[in-house]
Amino acid sequence: METQIVTAVKEWIKAAAIENFPENGGAAVLINGEQIAVFNFTNEGRWYATQNRCPHKGEMAISRGLTGDADGHPKVACPFHKRSFSLEDGKCLTDEQYQLKTYPVKVEDGFVFIGIE
Amino acid sequence: MKKRIVLIGNGMTGYKFCEKFAASPLVKDYELLVFGEEFHPAYDRVHLTSYYTGTIPEELLLAPAGWYAEHGIELRTHERITSVDREAKTISSAKELTYHYDILVLATGSSAFVPPIEGIEKEGVFVYRTFDDIDQIKKYIPRAQKAAVIGGGLLGLEAAKAVLDDGLPTSIVEFAPRLMPRQLDPQGAEILKSKLEEFNLEVLLNKSTEKIVGNGSIEGLKFTDGSQLDADLLVISAGIRPRDELAKQAGLEVHQRGGIVVNSKMETADPCIFAIGECVVVHNMVWGLVAPCYEMAEVLVKNIGGGSAEFLGFDLSSKLKLIGTDVASFGDALSSEIGMKTIVYENKARGVYKRLNLSADGKYLLGGILVGEAEEYNMLKQVVNNKMVLPENPEDFILGARGGEGGAGISVGDLPDSAIICSCENISKGQILNAIEKDGCEAVPLIKKCTKAGTGCGGCMPMLDDLLTHYMKSQGREVRKTICEHFDYTRQELYDLIKVNEIKSFPDLIKAHGKGSGCEICKPVTASLLASIWNEVIVKHDTIQDTNDRFLANIQQRGVYSVVPRIPGGEITPDKLIVIGQVAKKYDLYTKITGGQRIDLFGARVDQLPSIWEELIDAGFESGHAYGKSLRTVKSCVGSTWCRYGMDDSVSFAVEVENRYKGLRSPHKLKGGVSGCVRECAEAKSKDFGIIATDKGWNLFVCGNGGANPRHADLLASDLDKETCVKYLDRFLMFYIKTAGPLVRTAKWLSELEGGLGYLKDVIVKDSLGIGEKLEMEMEELISHYQCEWTTVVRNPEMRAKFRHFVNSDQIDENIKYVPMRGQKIPAKA
């Protein structure tokens, strides 16, 4: 598993139980009034989180995108216009001007936690 | 001050002159003023028939109207030049304007030759040459019952096919004892004739038209042998006449059979006047193909710039697809050289004829003819043009090698670098290889863009593909249409893998046959394949679906969804209409009638979808699959139950067909239509499949679509009873589902299908592959698994629970906001 940068995390907030998230896919959670997209890479045993808002058109839709990888690096494609974003650093792989905010994720006692700065 | 070149004629040759001029040093010393008689700037007349079938003029333009000005060329269209004053060096136009020239270029082209037949002036008689001609034919068609075409040459056959496709029984009338007498020998022409007759085109040979009968408008033709033919629409395509009237008026020499006489440098007797294209006679003939005319334009640009280039004649080989049948002739096709030897292959059952003409010593290929199958054309033409020594068994060219490489052992690799691959643009093999190697053009569209090869008639496209493949192979690489980086397979290969290995999920597939985590390309492809093979409820695989299929609704602005219940054939009861209205009112949904004759309800939040559908389903509705790459609608006209023109009950048939294929998942969306008569109010010919009633049954059309590249469907079979029509549809749809690439609609699939429409007919109607029954059984199997996926979801609490915005909160997405418009709501901008 990738080492998550945890130093900046002020607080881990419980999002939801694991079974609420679809396998090999994404779902949105509401954390302190903020929409966050959480991705469950079941086959690889990894989790990622990003902002849910697409930076292209401002739609709350990233969580509904298809997940996968490019050259082994995890990514998600926005369902609206198919722009792909890296889940490691949030960079848009198809259009440099867009960037997603990413969040650290951890799983404990069957629950998914999101790290807030 | 710059000198002025005036170019009269903005046809294909005129445009080529402009293009070569703009790229030459001439632009420094000359300004160019161009006159076109037609309303539109130069367009691709070779593909005129595609205008007939619906391509918009803008797409056929050789360059956008703005191109000329951008290149410092002044273009004046719709202005006919009426006279030339050589003394004063001026020309005058029909608008009574006069212009000065220093150099005058005549590219006045040709007009359709209209023989002096009695009654030719009657209403309903047309030629087939310009956009205008076609507009007039189109306008007249609804008044006509039966068409005739005079002229069994290339253009005549195209015109015949066009009016036939508009639903008119059509006869071709040819003066000679065979079709295409300039290109084909009697045997080849006979095969072509039988092919055409299969398409219900009547072919009349040895017919000399004496008189066109009718009172004011045409009612029929009377021939010199005493026979008659009924027709109330006539298209004349009896050859071309060079437009030499301006030259004649100016006192320049014209040929006795028409055409401005020029030498091989394109010079007339007047040192300031030149002529190029179809309006000239050079080397004692008129050159009626686009490639030699382009060559003349290039020669002239060089010569005005001080060069001494010459037009030395041109290869008149041609290959075309006539009514789904390949016809090619190359080199000396009708050779009568003494001692010449021929190799002939004829297969009447399959409608194939091939002839090779060999030199007396058997070493060289002089020319030949291909009818029915012409894949070897490009290579054979190269063998002739490059005077390549023939291999030991030249018959392998047309029979296919037995146990070795195809093409008698000669491949693109054997061609010299000087071999001209694209004769329209005069591009050699060396230039193409250079583009691949030096400019990195490792795809055919890139080669086209970089070299211009393949931008003319497009006939060399397969050869470009071969050259690229050959080059890649020589580098140890491969060109394959694999799905994406996760699967080294084509869609068709994945179809077989899933079916044979009984794979039922994406994780199983990628584990066994792919690598990585997948992506937004291979996941929906797999979802579509699983649905096309097993037809299970797609919600089981929700996270590999595109978002529309994941939530069984179409995502719209602001991330809300729209709901489209199925309304088969567009027929709906008042009670059901009321339910739709009530549901829309209750959930405050925006409603709109769709193009497919149903009602779309917009503005549903993802969490509202299951309850909305529950109410619709309780009232007897089913999912309309508007969100899926699957059957959408089968549109219908009113049909014979109500319509006074209807030949048959189109609504009942549309309802039956839509219910048969509802929920069928395919490589792309599928649309159908059923019309009750040739007036075609259901627009069935713009659908993937269209059914049109005739007085003898139903005509089945396939592979049409609207959209960005509209295409009319082709006739697959005619006068069918309902059962046969459905049988062919089963086979057609299943064959498409099994063999098309991802997101390839039927029209594109057919255009890429080797053998084209003829092959498709063989497979579907003649069952040439012997898979007809299998395809029907596979379709039955899919149909038997149909279930309304929304019914399944609303009755299943676990599946229902997937429809929520947040997994940790019941709050709704506050990002969704609306503003009013014409009494309804629409999403506010983000």
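The ellipsoid that matches the Cα gyration tensor of the range B:713-787 has semi-axes, each √(5λ) in whole angstrom, of 19, 17, 12, with the longest given first.
For the range A:11-116, compute the number of Lys pairs whose alpha carbons are separated by less than 20 Å, excluding pairs fewer than 8 positions apart on the same chain. Here the count comes out as 12. Look at the stretch A:71-82: the mean tally of other chain Cβ atoms within 10 Å of its residues' Cβ atoms is 3. Applying D = kT/(6 pi eta Rh) to the range B:491-550, where Rh is the Kirkwood radius over alpha-carbon pairs, T corresponds to 10 °C and eta to 1.306 mPa s, the Stokes-Einstein value obtained is 140 µm²/s.
Relative to the longest principal axis of the Cα atoms of chain B, the long axis of helix B:154-165 makes an angle of roughly 30 degrees. Straightening the chain between B:Lys511 and B:Met777 buys 92.7 nm, computed as 0.36 nm per residue apart minus the Cα-Cα spacing. Using the Cβ-Cβ distance between B:Asn215 and B:Ala708 with R0 set to 60 Å, the FRET efficiency works out to roughly 0.85.
Quick check: convex hull of the Cα atoms in the range B:29-104, volume per residue, rounded to a whole Å³?
Working: hull volume 8.3 nm³, N = 76.
Expressed per residue, the convex hull around the Cα atoms of the range B:29-104 is 109 Å³.
Strictly greater than 46 Å: what percent of every Cα pair in chain B meets that? Value for chain B: 35 percent of Cα pairs lie more than 46 Å apart. Counting only other chain Cβ atoms within 10 Å of each residue's Cβ, the peptide B:508-516 averages 2.
If R0 equals 25 Å, the separation of the Cβ atoms of B:Glu121 and B:Gln228 corresponds to a calculated FRET efficiency of about 0.80. In this rough spin-label picture, where each label sits 7 Å from Cα along the Cβ direction, the B:Ser24-B:Asp439 distance is 2.1 nm. Residue ranges B:116-125, B:735-744, B:702-711 sort as B:735-744, B:702-711, B:116-125 when ordered by packing (mean number of other C-beta atoms within 10 Å per residue, highest first). In this rough spin-label picture, where each label sits 7 Å from Cα along the Cβ direction, the B:Glu38-B:Ser611 distance is 6.1 nm.
Take chain A, mark every one of the trypsin sites (Lys or Arg not before Pro) that falls in a DSSP loop and has at most 16 other Cβ within 10 Å, then report the longest stretch left between them, sites excluded. Working shown, then result.
Values: sites that count: A:Lys10, A:Lys57, A:Lys82, A:Lys101.
The answer is A:11-56.
What is the average number of partner chain Cβ atoms found within 10 Å of a Cβ in B:366-377? Provide the component values of the computation, followed by the final result.
Numbers: counts 0, 0, 0, 0, 0, 0, 0, 0, 0, 0, 0, 0.
Rounded to a whole number, the mean comes out at 0.
For the range B:554-784, the fraction of C-alpha pairs more than 30 angstrom apart is 27%. What is the protein assembly as shown by shape, rounded, prolate or oblate, if you read a ≥ b ≥ c off the alpha carbon gyration tensor as root eigenvalues and call it rounded for a/c under 1.5, prolate for a/b larger than b/c, and oblate otherwise? Cα axes put the protein assembly as shown in the prolate bin.
Quick one: length gained pulling B:Ser809 to B:Ala269 fully straight, 0.36 nm per residue minus the C-alpha distance? Working shown, then result.
Working: separation 540, 0.36 × 540 = 194.40 nm, distance 8.95 nm.
Net length gain for the segment: 185.4 nm.
In the range B:295-311, whose amide N lies under 16 Å from the spot 7 Å out along Cα-to-Cβ of B:Asp102? List them in ranges. The answer is B:301-307.
Listed by chain and number, the lysines placed with their C-alpha closer than 21 angstrom to that of B:Lys635 are B:Lys576, B:Lys592, B:Lys662, B:Lys669, B:Lys671, B:Lys685, B:Lys687, B:Lys722, B:Lys727; residues fewer than eight positions away on the same chain are left out. Calculated [222 nm] ellipticity per residue, helices only, for chain B: -9000 deg cm²/dmol; basis is -39500 (n - 2.57) per DSSP H run with n ≥ 4, divided by all residues, nearest 500.
Any chance you could give the angle, 0 to 90 degrees and rounded to 10, that helix B:522-534 forms with the longest Cα principal axis of chain B? So the inclination is approximately 70 degrees. When restricted to Cα atoms, the range B:125-238 yields an Rg and a Dmax of 13.4, 41 Å, respectively. Residues of the range B:158-191 falling in the label zone of B:Ser208, defined by backbone nitrogen less than 14 Å from a point 7 Å along Cα to beta-carbon, are B:174-177.
Remark: C-alpha extents of chain A on the principal axes read 37, 30, 27 Å, sorted largest to smallest.
Helix B:12-22 versus the longest principal axis of chain B: what angle, 0 to 90°, nearest 10, using Cα atoms? Between the helix axis and the principal axis of chain B, the angle is about 90 degrees. With the simple spin-label model, which puts each label point 7 Å out from Cα in the Cβ direction, the B:Gln492 to A:Ile18 separation comes to 4.4 nm. Lys-Lys pairs in the range B:453-514 that are eight or more residues apart or on separate chains and whose Cα atoms lie under 22 Å of each other come to 4.
No value in this document is a laboratory result; all are computed from the given coordinates. These figures come from a predicted structure and were not determined experimentally. Every residue, glycine as well, gets a Cβ built from its backbone with ideal geometry; the counts of neighbours run over all protein chains shown.
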